[in-house]
There are 2 protein chains.
Amino acid sequence: MSLAERTRELDAADPLAPFIDRFDLPERVIYLDGNSLGALPRATMPAMERAVREEWGKGLIRSWNDAGWFDMAQRIGGKIAPLIGAAPSEVIACDSTSVNLFKLISAALDMRPGRKVVLSEPGNFPTDLYMVAGLERQGLAVRRLASREELAGTLDEDVALLMLTHVHYKTGALHDMRALTKAAHQAGALVLWDLSHSTGAVPVDLGGVNADFAVGCGYKYLCGGPGAPAFAYVAERHHADLAQPLTGWFGHAAPFDFFDDYEAAPGVEQLLCGTSPVLGLTALEVGVDLIAEIGVERLHAKSRALSGFFLKSLAESGIALDLVSPSDSLARGSQLSFRHEQAYPICQALIARGVIGDFRAPDILRLGFAPAYLRFADISEAARHLAEVLTGEEWRRDEFNRRAAVT
Amino acid sequence: MSLAERTRELDAADPLAPFIDRFDLPERVIYLDGNSLGALPRATMPAMERAVREEWGKGLIRSWNDAGWFDMAQRIGGKIAPLIGAAPSEVIACDSTSVNLFKLISAALDMRPGRKVVLSEPGNFPTDLYMVAGLERQGLAVRRLASREELAGTLDEDVALLMLTHVHYKTGALHDMRALTKAAHQAGALVLWDLSHSTGAVPVDLGGVNADFAVGCGYKYLCGGPGAPAFAYVAERHHADLAQPLTGWFGHAAPFDFFDDYEAAPGVEQLLCGTSPVLGLTALEVGVDLIAEIGVERLHAKSRALSGFFLKSLAESGIALDLVSPSDSLARGSQLSFRHEQAYPICQALIARGVIGDFRAPDILRLGFAPAYLRFADISEAARHLAEVLTGEEWRRDEFNRRAAVT
């Protein structure tokens, strides 16, 4: 059977094929960067129009009650919860991943008096490491980094928190959440999982692995729009002891009593700080609803099939590339990363051909396989383009070697 | 001349009258709550549609460069700057007012080693006081409250920061920014002004009064939409020493180099933390552009005329109410607050008549006079409704005495 025939068969048999039309993707583009910014659901624009014209424009201040703006953060958190193995009351949508990291790292330090070390790995997503630096500057934390292999052995009595990203942003490699959570608990430490590259693509069972804290991103696989609000998770058993320093009025037990003194709202609601970003939450809710409707298990199965098919298609074209992602699809997230000295111009050449992946310094070509809106036909086409760019050394062209200010 | 005639004359002579059509206000509503949530500019929906459909939907990840998403926070900050007497490089749009308070209170404490006291007044907007509580819990700050009269006398060598809201959210009373800033500096303290109820309604000259820090809200007089991103100001002279603990990747000097170690971007850019909220910033920019086009001086003049006309209209109807706002229009922001035991049902009765103000516990009826989109005819009508509610004791009706969960 030819590659074209196999591709057609795979698409014909794809149970998620009907969902592709629920997204509004540009013509002549194969989008392999949904791990950076998820695509636009078709339902988003009508929802935004209703929020802007009706709720804000006509309802004005009344919409805080009448349109349910006050409950959005909790409601959307509750919808994210089943995607990550949490109870609805354990998740809330608010602020950015970075700000939520600060809250939860602080909360963990507060629960482990006498311990100051936040343990992570070098090369973790920068903002995770930077947020610890902020607490270190305040004199409240000590950052310790250890490689994957050395993490478990570095868990000593100084470690308050083990903080890791479940799916590595650069390599796509998965941590063993269950084993590491257990090891941390045995050392008396708490665990915070960054689920930015997991949620909506890879099954996560926070409850099952007994995790303490988690954060995650709204604009990647959840398709919440550029800079969408993020989410935060705190296991129910910690709610009574939860305290974090970003004590704003939306996290107060009675914000509209306008008391001078802070009293935290119960549970994850105290993670709210300023007024909820209604327009951003509106777009996020549409994405979460759609991803939840498709279902994580089916998304995961298709993600594995897509990336496997890409590797196969590439191999059949005679191309050998240095795969830095795990070759076992169960050991990686929804992406494939390749190391190549010329990763930057290769990425630019692909973009010029309408295949949008991204480059991660210094030498990684990162291709994301967002399972909700990609066809197998996109995958074989993308592999063909990559093979052509490499065999024709198209990346040598000057135009692909000019660096943008930001990439 | 009758009240009706005078009203017509005032509207006919209003230089800002043409701008009212630039807002999309509901029929049969007189909106006196623009100080809580500003009205919807007509240009917002087209801008949101472009951002969602074109920039996100079609441009996808490329829009970070191609649609200028990376510069939005700085660009919008630069547009807010002239409204508050700042240089464009001193202002940035990001996060919520609450989160920005945390950054700048922390920065101030960091610049005054050996001093821990953050001085404010009781009854300041709750989130301002609560954010100090968070730092107090971290052991980094000590909150001290003193009444307006006692503030200057309480500035001693322990005070790191004087933190006040320029226009009081409840009474509308203005602080003397120049005198208090000077007094704080003489005591070796820094000053942080919350401009949430000032920006876009009352002239502010941060540079002229030599202020150190400021924050402000995007969704009140700036008409940026519900929960819009806020802004933060740091005087140029402090940029070299600026350090704050929410050290996220968007505030890094080189975020796309993905280094493990944090290095702050220069100036106010280091106040960025997580990924910029593009959809919220899109709506905010439209509001800021419109308010800047109208101009603060003209807005202030009309604001004073509107509130003065309301008081006069009310007096002519024979109603005497307990005004808690300063009677001198130069001493108050763009609002009038009245104390009344029955403020809650009075507010509800007004809303039922289409006059939307708000209630602030325990006994304040607060009416905002957003000058960009109110007619003098709205003002005389609102005064007539209030007089009728009071003389007819309409507020006694059961339906107006049931409290909503949140108000």
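Computed from the coordinates by the stated procedures, all read-outs in this text should not be read as laboratory data. What you see is a predicted model, and the numbers here were worked out from it, not measured in a lab. Counting neighbours? That spans all protein chains shown, and the Cβs are built from the backbone with ideal geometry, glycine included.
General remarks:
- The range A:110-195 shape via C-alpha gyration tensor axes, a/c threshold 1.5: oblate
- Choice from A:152, A:320, A:377 with maximal GNM fluctuation in chain A (Cα, 10 Å cutoff): A:320
- Each residue of the range A:209-225 was assigned a 3J(HN,Hα) from its phi angle through the Karplus curve 6.51 cos²θ - 1.76 cosθ + 1.60 (θ = phi - 60°); the sequence is 8, 6, 5, 9, 9, 7, 10, x, 9, x, 10, 9, 5, 7, 6, x, x Hz, with glycine and proline shown as x.
- Per-residue average of Cβ from other chains inside 10 Å of B:213-226: 3
- Classified by the C-alpha gyration tensor, chain B has an oblate form. Its axis ratio a/c, with a ≥ b ≥ c, is 1.5 or above, and a/b does not exceed b/c.
- Residue B:265 paired with residue A:75, simple spin-label distance in nm, labels 7 Å along Cα-to-beta-carbon: 3.3
- The listed peptides B:274-286, B:388-400, ordered by packing as a protection proxy, come out as B:274-286, B:388-400 (highest mean of other Cβ atoms within 10 Å first).
- Highest to lowest packing among B:291-302, B:180-191, scored as the average C-beta count within 10 Å: B:180-191, B:291-302
- When the Cα atoms of the range A:228-284 are aligned to their principal axes, the ranges along those axes come out at 32, 29, 15 Å in descending order.
- Residue-span extension gain [residue A:87 to residue A:363] - 0.36 nm each, minus C-alpha spacing: 95.4 nm
- Charged-residue dipole, Cβ positions (Lys, Arg, Asp, Glu), the protein assembly as shown about Cα centre, Debye nearest 20: 460
- Our analysis of the range A:106-145 gives Rg over Rh at 0.95, with the two radii drawn from alpha carbon positions and Rh computed by the Kirkwood formula.
- Taking the label point 7 Å along Cα→Cβ, residue B:399 and its counterparts in the other copies are spaced 6.7 nm apart, in ascending order.
- Average beta-carbon neighbours from other chains, 10 Å sphere, peptide A:63-69: 3
- The residue list A:161, B:286, B:200 was ranked by how far each Cα lies along the charge dipole of the protein assembly as shown toward its positive end, using unit charges on Cβ atoms, and B:286 comes out on top.
- Inter-chain Cβ neighbour count for B:23-32, averaged per residue, equals 2 (cutoff 10 Å, partner chain atoms only).
- In this rough spin-label picture, where each label sits 7 Å from Cα along the Cβ direction, the residue A:254-residue A:241 distance is 2.9 nm.
- Residues of the range A:331-375 with amide N under 20 Å of a point placed 7 Å along Cα→Cβ from residue A:13: A:371-375
- FRET efficiency for the pair residue A:330 and residue A:148, taken as 1/(1 + (r/R0)^6) with r the Cβ-Cβ distance and R0 = 22 Å, rounds to 0.85.
- Calculated label separations, residue B:292, copies of the chain, 7 Å along the beta-carbon direction, nm: 3.9
- Degrees, to the nearest 10: B:278-294 long Cα axis against longest axis of chain B: 60
- In degrees, nearest ten, helix A:3-13 long axis to first principal axis of chain A (Cα): 40
- In terms of its C-alpha gyration tensor, the range B:1-145 comes out oblate, because a/c is 1.5 or above while a/b does not outweigh b/c.
- Inter-label distance for residue B:391 and residue A:156, nm, one decimal - labels placed 7 Å from Cα along Cα-to-Cβ: 8.2
- DSSP-defined beta bridges in the protein assembly as shown - what % are antiparallel, rounded to 5: 55
- Rg over Rh, two decimals, the protein assembly as shown (C-alpha only, Kirkwood Rh): 0.99
- Using a Förster distance of 30 Å, the FRET efficiency for residue B:21-residue B:205 (Cβ separation, nearest 0.05): 0.45
- Between the range B:55-111 and the range A:300-330, the Cα center-to-center distance that results, in Å: 40
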